[in-house]
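The values are calculated or read from the model by the stated rules, or taken from the named source; none is laboratory data. Computed from a predicted model, the values in this text were never measured in an experiment. Here Cβ is always computed from backbone atoms with ideal geometry, including for glycine, and neighbour counts include all displayed protein chains.
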Amino acid sequence: MKISSLTDIGSTREMNQDYLYSSEEAVGKLPNLFLVADGMGGHKAGEFASRYVVETTVRSIEGSKEEEPIAILSEGIETANRKLKEYADAHQQMKGMGTTVVAAVIRGRSLLAANVGDSRLYVVGDEITQVTQDHSLVQELVRLGQMDQESAKTHPDKNIITRAVGVSDEVKIDIFERQLNPGEYIVLCSDGLTNMVDDAVILQILHGTCSLSDKAEQLIELANKNGGKDNITVIIIEPSLDEVTEC
């Protein structure tokens, strides 16, 4: 497995409220773990929220007594949601903070993904496929047929999310499972990338011949070149599927 991960403050923000975690080694009973979080809140609250949720999720997974990967991952995010909400309730200056989270676990040829909010996970092969669904106001309108995808890209309310970790006592997590094919990449990213770089361009860069780290750098550089209006975070994973034997 090859991995490259980068986070960047962008061109206009004063601080980076994104946070990532990347481990190709086992985390608790999971064979590996990858997380991207994009925090929201007032001064430093979003920065705190994203880091707190990622670190709390990892600790929960490390100590989980669950056996099934879906249960382990869900428990981790739910624990982080509860603890962040409790922290915000106890610290007035952090009131209203929250974060998106997108997660991936790879077992052999199987991909397990989870998300809350509008940070995304893609599988990139001959085509680019968004596996996760954005929990945002404009995407809800798109799914209801009240707005087309092109209008959603430039809508002034496109950054309003309808789900986040830490804002309510309970959190609804979307879980996705799919089989991977040789030659496919997995990309986790915050909306600082996807708002600045079209999916077709992400596909083109991933198909390039340069190294994985160069591809991650190209995505960050292009997002900044196109405006860099938000923090930008990306994890690119190239699973070693050719070495996997089916039982």
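Somewhere in the range 183-190, is a residue at pLDDT below 95 and either over 20 Å from residue 31 (Cβ atoms) or under 16 Å from the mean Cα position of the chain (by Cα) (or both)?
Checked against the condition, which is being at pLDDT below 95 and either over 20 Å from residue 31 (Cβ atoms) or under 16 Å from the mean Cα position of the chain (by Cα) (or both), the range 183-190 yields at least one hit.
What tally of residues in the range 79-99 results from selecting those that are closer than 14 Å to residue 58 by Cβ, surrounded by fewer than 20 Cβ atoms within 10 Å (Cβ to Cβ) and touching a residue at least 24 places away in the same chain (Cβ under 8 Å)?
1
Go over the candidates 77, 61 one by one and state the one that is touching a helix residue (DSSP H, G or I) at 6+ places or on another chain (Cβ under 7 Å), at pLDDT 95 or above and under 16 Å from residue 119 (Cα atoms).
Exactly one of 77, 61 is touching a helix residue (DSSP H, G or I) at 6+ places or on another chain (Cβ under 7 Å), at pLDDT 95 or above and under 16 Å from residue 119 (Cα atoms), namely 77.
Go through the range 100-153 and count every residue that is of a type in the set (Val, Ile, Thr), over 23 Å from residue 50 (Cα atoms) and modelled with pLDDT of 95 or more.
Number of matching residues: 4.
Please report, ordered by residue number, the strands (runs of 3 or more DSSP E) entirely within the range 1-58 with at least 1 residues that are of a type in the set (Ser, Thr, Tyr) and either surrounded by fewer than 21 Cβ atoms within 10 Å (Cβ to Cβ) or more than 17 Å from the chain's Cα centre (by Cα) (or both).
Filter on the range 1-58 gives 2-8, 18-23.
Out of 123, 102, which single residue is in a strand (DSSP E or B), of a type in the set (A, V, I, L, M, F, W, C) and buried (at least 24 other Cβ atoms within 10 Å of the Cβ)?
When all the criteria are applied, what remains is 102.
Name every residue in the range 24-46 that is of a type outside the set (Gly, Ala, Ser) and at pLDDT below 95, in order of residue number.
Residues satisfying the conditions are 40, 43, 44.
Go through the range 193-210 residue by residue and tally those that are free of Cβ contacts under 8 Å to residues at least 40 places away in the same chain and either of a type in the set (Ser, Thr, Tyr) or not in a loop (DSSP other than H, G, I, E, B) (or both).
Matching residues across the range 193-210 total 4.
Any residue in the range 12-26 that is of a type in the set (D, E, K, R) and closer than 20 Å to residue 110 by Cβ?
Yes, the range 12-26 has at least one match.
Here are 65, 29: which of them is basic (Lys, Arg) and free of Cβ contacts under 8 Å to residues at least 24 places away in the same chain?
65
Residue under question is residue 21, and the condition is that it be among the aromatic types (Phe, Trp, Tyr), in contact with a helix residue (DSSP H, G or I) (Cβ under 6 Å, 6 or more places away or on another chain) and closer than 19 Å to residue 91 by Cβ; does it hold?
Considered against the rule, which asks whether it is among the aromatic types (Phe, Trp, Tyr), in contact with a helix residue (DSSP H, G or I) (Cβ under 6 Å, 6 or more places away or on another chain) and closer than 19 Å to residue 91 by Cβ, residue 21 comes out as no.
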